[in-house]
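Participant: Let me give you the structure first, and then I'll get to my questions.
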Amino acid sequence: MRMPPPTAISVPVQGIRARQIGATFGAPRGSDRQHHGVDVFAKRGTPVVAATQGVVATVREGGLGGKQVWVIGPGGQRHYYAHLDDWAAGLAMGDRVQAGDVLGTVGDTGNAKGTPPHLHYGIYGKDGPLDPLPLMHAGSPAKR
């Protein structure tokens, strides 16, 4: 957490490139909220991986996100992985993870039930939600 926030991150779903992800950060969700992240669509069961190094803060099920994992990363940013079909075996609060470590699999839990399987991925800094897509583009090789 003493490290500065990242200027580039990995796409948190195996096999997906940043250019395949729609820019939906800030889009309206109902009449009372906005989309504070991006949705990464993939086949159910596709591995969801840590976008940065960090410490697992929460592994839980409930609320809008359904099965979810929160990771505290560099700069104290909170990384939110939601709508998981399942968690990685043995994943627990306090685990240290590196970028690319499997956290779970793509699903449709929580308020995404019945929608195409996807990961909702969000980043929250000290000043609130951040758009993760520019960071994913920065972390992708130029021709991806």
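The values are calculated or read from the model by the stated rules, or taken from the named source; none is laboratory data. This structure is a prediction, so every number in the text was calculated from the model and none was measured. Here the Cβ is made from the backbone with ideal geometry for all residues, glycine too, and neighbour counts use every protein chain on show. Accessible surface areas use protein heavy atoms only, side chains included; no ligands, DNA or RNA. Shrake-Rupley method; radii C 1.70, N 1.55, O 1.52, S 1.80 Å.
Participant: Filter segment 72-81 for residues that are more than 14 Å from LEU103 (Cα to Cα) and open to solvent by 20 Å² or more (accessible area, probe 1.4 Å) and give the result.
Facilitator: GLY75, GLY76, ARG78, listed by residue number.
Participant: Among the residues of segment 116-142 satisfying the criterion of being more than 16 Å from GLY54 (Cβ to Cβ), of a type in the set (Gly, Ala, Ser) and assigned to a loop (DSSP other than H, G, I, E, B), which is most open to solvent (accessible area, probe 1.4 Å)?
Facilitator: So the residue we want is ALA142.
Participant: Look through segment 2-35, keep the residues that are within 16 Å of GLN98 (Cα to Cα) and among the small types (Gly, Ala, Ser), and return whichever of them is surrounded by the fewest Cβ atoms within 10 Å (Cβ to Cβ).
Facilitator: ALA8
Participant: What tally of residues in segment 36-71 results from selecting those that are open to solvent by 40 Å² or more (accessible area, probe 1.4 Å) and among the small types (Gly, Ala, Ser)?
Facilitator: Of the residues in that region, 1 qualify.
Table: residues versus (1) among the hydrophobic types (A, V, I, L, M, F, W, C); (2) more than 25 Å from ASN111 (Cβ to Cβ); (3) at pLDDT 95 or above; (4) not in a loop (DSSP other than H, G, I, E, B).
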site: GLY26; (1), (2), (3), (4): no, no, no, no
site: HIS36; (1), (2), (3), (4): no, no, no, no
site: ARG44; (1), (2), (3), (4): no, no, yes, no
site: VAL71; (1), (2), (3), (4): yes, no, yes, yes
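Participant: With the requirement that a residue be under 14 Å from VAL59 (Cβ atoms), free of Cβ contacts under 8 Å to residues at least 40 places away in the same chain and in a loop (DSSP other than H, G, I, E, B), what does segment 85-115 give you?
Facilitator: Selection gives ALA88, ALA89, GLY90, LEU91, ALA92, MET93, GLY94.
Participant: Moving on to the next point. Would you call THR58 in a strand (DSSP E or B), in contact (Cβ under 8 Å) with a residue 24 or more places away in the chain and closer than 15 Å to TYR121 by Cα?
Facilitator: Answer is yes for this residue.
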